[in-house]
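Here is the structure we will look at, set down as structure tokens.
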């Protein structure tokens, strides 16, 4: 395993954990509350449920290294949605009312990196889906 693989694994674990905790927080705080927040932004409330499930389940899958590219694309889309619907007006560093979009931009960049990164041998997906000739 080279140093790029180590960095990729660390990035995958941190990103997966971050999204898992955000998804868990949405469930613990009540999905109806999150749906209400979405609706206050003129975003359909049902998307709150989709985002929460993607964050929770996607975070677990990313930690395990299963479906990394697909999950990372979904995370990137969620971050773009957060930036353009909620955070952009606050600026990069934020204002007195809310934080800026620096975290969402960093999570977006991490997600895009994982879309293009090679699979490492420390991913369950690589172990499960790798063909016999590659062992």
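Within the range 120-130, is even one residue without any contact (Cβ under 8 Å) to a residue 60 or more places away in the chain, loosely packed, with under 13 Cβ neighbours inside 10 Å, more than 15 Å from the chain's Cα centre (by Cα) and more than 17 Å from residue 12 (Cβ to Cβ)? No, because not a single residue in the range 120-130 is without any contact (Cβ under 8 Å) to a residue 60 or more places away in the chain, loosely packed, with under 13 Cβ neighbours inside 10 Å, more than 15 Å from the chain's Cα centre (by Cα) and more than 17 Å from residue 12 (Cβ to Cβ).
When you look at residue 13, is it closer than 18 Å to residue 125 by Cα, at pLDDT 95 or above and in a helix (DSSP H, G or I), yes or no?
Working: closer than 18 Å to residue 125 by Cα: yes; at pLDDT 95 or above: yes; in a helix (DSSP H, G or I): yes.
The answer is yes for residue 13.
Taken over the range 1-10, the criterion of being more than 15 Å from the chain's Cα centre (by Cα), loosely packed, with under 15 Cβ neighbours inside 10 Å and part of a helix (DSSP H, G or I) is satisfied by 3, 4, 6, 7. Of everything listed in (1) at pLDDT 95 or above; (2) outside any loop (DSSP other than H, G, I, E, B); (3) more than 30 Å from residue 1 (Cα to Cα), the single unmet condition for residue 89 is (1).
Scanning the range 11-57 for residues that are free of Cβ contacts under 8 Å to residues at least 24 places away in the same chain, within 15 Å of the chain's Cα centre (by Cα) and either loosely packed, with under 15 Cβ neighbours inside 10 Å or on the phi > 0 side of the Ramachandran plot (or both) yields a count of 2. Evaluated against (1) part of a helix (DSSP H, G or I); (2) surrounded by 14 or more Cβ atoms within 10 Å (Cβ to Cβ); (3) in contact (Cβ under 8 Å) with a residue 40 or more places away in the chain, residue 79 falls short on exactly one condition, (3). Would you confirm whether or not the range 65-73 contains a residue that is without any contact (Cβ under 8 Å) to a residue 40 or more places away in the chain and either in contact with a strand residue (DSSP E or B) (Cβ under 6 Å, 6 or more places away or on another chain) or on the phi > 0 side of the Ramachandran plot (or both)? Taking every residue of the range 65-73 in turn, none turns out to be without any contact (Cβ under 8 Å) to a residue 40 or more places away in the chain and either in contact with a strand residue (DSSP E or B) (Cβ under 6 Å, 6 or more places away or on another chain) or on the phi > 0 side of the Ramachandran plot (or both).
The values are calculated or read from the model by the stated rules, or taken from the named source; none is laboratory data. Quick caveat: nothing in here was measured; it's all calculated off a predicted structure. Every residue, glycine among them, receives a Cβ derived from its backbone with ideal geometry; neighbour counts consider all protein chains shown.
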